[in-house]
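See below for the structure under consideration.
The values are calculated or read from the model by the stated rules, or taken from the named source; none is laboratory data. Please read these numbers as outputs of a predicted model, since none were measured by experiment. Here the Cβ positions follow ideal geometry from the backbone for every residue, glycine too, while neighbour counts run over all protein chains shown. Ligands, DNA and RNA are stripped out before the accessible areas are found, and what is left, the full protein with its side chains, is counted by its heavy atoms. Shrake-Rupley method; radii C 1.70, N 1.55, O 1.52, S 1.80 Å.
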Amino acid sequence: PTGNGNTVDAQLEALYRTILHARFRNFTSDTEVSTNFRVVMQVILLSFEPQTQESAAELVRLTDERRVSATAAATVQAVVTPLGALLSNVTPDSGHLPITPLHISFRDFLLDKERSGVFFIDSDVAHHLLARVCLEVMDRHLKFNICDLTTSYLFDDELPELDKKIASIPSLLVYAC
């Protein structure tokens, strides 16, 4: 506790609310801005591996595209760039680095409806969305002999340049699998 009776958690939550309301003015639960915010933050907060801006945009693009305005990359940028005080790697030149909350309490705050209010991210909805997107990615991109091997009669350590062939599998497909 601090000297004025507020806990550190309460002060952090007040800071989170202040930043979110300042960055997303007139945010209500049923606007285009809130829809974009939720889809992007679902991908960032609830993916099983941290996503880069590029991979987050690809996952966002594969969600119900009628729910996401503009292009997926622009949508991700519009949501994450103003949150540089709360998320890492959100500048345009850091698009290849994973986006993560600077403090785990920000994630916890957004996943708690009572604490986050209109900024609430429903983890059940997010997991359903991500599972559907991953199944769609696998349905579109998995194929027999994805590494174009000339034979299946050799052990992995006998295959020339297997690492290069595996590396050519798109990272979004690897994540989905």
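Some notes on this structure:
- Residue count for segment 30-48, restricted to those that are under 18 Å from L86 (Cα atoms) and either in contact with a Cys (Cβ under 6 Å, 6 or more places away or on another chain) or charged (D, E, K, R) (or both): 1.
- Screening L142 with (1) touching a residue at least 24 places away in the same chain (Cβ under 8 Å); (2) surrounded by 16 or more Cβ atoms within 10 Å (Cβ to Cβ) gives one miss only, at (2).
- When residues in segment 12-33 are screened for being at pLDDT 85 or above and open to solvent by 80 Å² or more (accessible area, probe 1.4 Å), 5 of them pass.
- Close pairs (7 angstrom Cβ cut-off, 6 or more residues apart or separate chains): farther than 14 Å from S55 by Cα and open to solvent by less than 80 Å² (accessible area, probe 1.4 Å) in segment 155-177, among the charged types (D, E, K, R) and in a loop (DSSP other than H, G, I, E, B) anywhere: K165/D148
- Any hit, segment 34-56, residues being assigned to a loop (DSSP other than H, G, I, E, B), of a type in the set (G, A, S) and modelled with pLDDT under 90: no
- Residues in segment 110-128 include none that are modelled with pLDDT of 90 or more, farther than 30 Å from V8 by Cα and β-branched (V, I, T).
- Residue in segment 50-71 that is in contact with a Leu (Cβ under 6 Å, 6 or more places away or on another chain), surrounded by 14 or more Cβ atoms within 10 Å (Cβ to Cβ) and among the hydrophobic types (A, V, I, L, M, F, W, C) present: no
- Which numbered condition S116 misses (of (1) open to solvent by less than 50 Å² (accessible area, probe 1.4 Å); (2) small (G, A, S); (3) within 18 Å of E58 (Cβ to Cβ)): (3)
- Elements of the type helices (runs of 4 or more DSSP H) sitting completely within segment 68-177 and holding at least 3 residues that are charged (D, E, K, R) and within 25 Å of H21 (Cα to Cα): these cover 113-116.
- Residue selected from segment 85-117 under the condition out of contact with any Leu (no Cβ under 9 Å at 6 or more places or on another chain) and hydrophobic (A, V, I, L, M, F, W, C), by the criterion farthest from T28 (Cα to Cα): L97
- Selection of segment 119-139 for residues being more than 14 Å from T63 (Cα to Cα) and open to solvent by 100 Å² or more (accessible area, probe 1.4 Å) yields D124, D139.
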